[in-house]
Amino acid sequence: MIKVENLTKRYAGQTAIQDLNFEVGKGEIMGFLGPNGAGKSTTMRILSSFMPPTSGRATIAGFDIFEQSLQARAQLGYMPENVPLYGDMRVNEYLEYRAALKSVPHRRIAERVGDVKELCGLKEVEKKLIGALSKGYRQRVGLADALVHEPALLILDEPTSGLDPNQIRQVRELIKNLGKQHTILLSTHILPEVEMTCSRVIIINRGRIEACDTPENLLGQIRTAGGISLEAQVGPDNGAEELKKVAGVRDVTTTTDGEWSVFALRVESGADVRAEVFRLATQRHWTVRELSQRKATLEDVFVEITHPDAR
């Protein structure tokens, strides 16, 4: 559905993305991750024909995004992070207007607007001014706009930005359902959402793709294997320094919970240091309240790849 070849974008004195190469197959939900300024939004704007690349090419459903721009754009629905909406229009009016702009046949506009309102949970606000809607509802209007012309591909840039936990959960379920009928390229900072919804993940850092694989394979490749959580009263000891001496421990961070110290240990892949940590606690006469293991997550992968100093 998407094919990107040697895509590069340079601004004056700065390279935003450099030689990107990736493909997204039909029916995939692809996560597109990276720290702020890594080049995610630039890539999405290029794919959406909002800006040209400096070099390289990209196709959507076989159509070149610039040589065949109209055909390519007809295949996609794009929802930017900050959705540009007309606040003085009502939800119904806006979606009908957008459907007409996107060449939905006149006889089908009412049907398509009704379908996306139902899908995005907008029926109860259909007659309200967009400017009077909450952030969550405005995001839903933006998503409905992206869907109204039945695109084969959805490009979603931070679709849950500014939403509360309940709204995030609703949008996550909606994206899962959309993935049954659409190819989706999804950018978000909420990594657990990616683990639960995406079949593959691209991680971009400093304008270059650092990893592209399934979440499961990425978890198997990283050097860290999650971590250990220890809650203990350590008395006069410097618990963090003692724990760093345990073989297999890479880093220790400390917080407090009243009289208790809470240690988060990052460990080497394949290492289970709980027995050694418990032995150390016994030798030092620490009072232990909890000792548990945390499995590696996509967040660990993200940190490993994008923060070399944390490796």
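In segment 25-37, the qualifying residues are those that are of a type in the set (Gly, Ala, Ser) and buried (at least 22 other Cβ atoms within 10 Å of the Cβ), and the one that is farthest from Asp300 (Cα to Cα) is Gly31. Contact map, segment 161-187: first residue crowded, with 21+ Cβ neighbours inside 10 Å, second residue part of a loop (DSSP other than H, G, I, E, B) and hydroxyl-bearing (Ser, Thr, Tyr), Cβ cut-off under 7 Å, separation 6 or more or different chains; pairs are Val171/Thr160.
Every residue, every condition in (1) closer than 28 Å to Gly62 by Cβ; (2) aromatic (Phe, Trp, Tyr); (3) buried (at least 19 other Cβ atoms within 10 Å of the Cβ), yes or no:
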residue	(1), (2), (3)
Tyr94	no, yes, yes
Leu122	no, no, yes
Val125	no, no, yes
Lys135	no, no, no
Val141	no, no, yes
Leu147	yes, no, yes
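For segment 79-99, the set of residues classified as in contact with a Pro (Cβ under 9 Å, 6 or more places away or on another chain) and either at pLDDT 90 or above or polar (S, T, N, Q) (or both) consists of Met79 only. Just to be sure I understand the filter: pairs with C-beta atoms under 8 Å, separated by 6 or more residues or on different chains, first member in segment 147-159 and within 14 Å of Val194 (Cα to Cα), second member hydrophobic (A, V, I, L, M, F, W, C) and part of a helix (DSSP H, G or I). Which pairs pass? Taking only residues 6 or more apart or on different chains, the pairs are Leu156/Leu143; Leu156/Ala146; Leu156/Ile175; Asp157/Met44; Pro159/Leu143; Pro159/Val171; Pro159/Ile175.
Screening the candidates Ala16, Ala58, Ala99 for the property of being in contact (Cβ under 8 Å) with a residue 40 or more places away in the chain and assigned to a helix (DSSP H, G or I) yields one hit, Ala99. Per the listing Ala275, Ala296, Ala240, the residue uniquely within 28 Å of Ile203 (Cβ to Cβ) and of a type in the set (A, V, I, L, M) is Ala296.
The values are calculated or read from the model by the stated rules, or taken from the named source; none is laboratory data. Since we're looking at a predicted model, the values are computed, not measured. Quick reminder, even Gly has a Cβ in these numbers, built from the backbone with ideal geometry, and neighbours come from all protein chains shown.
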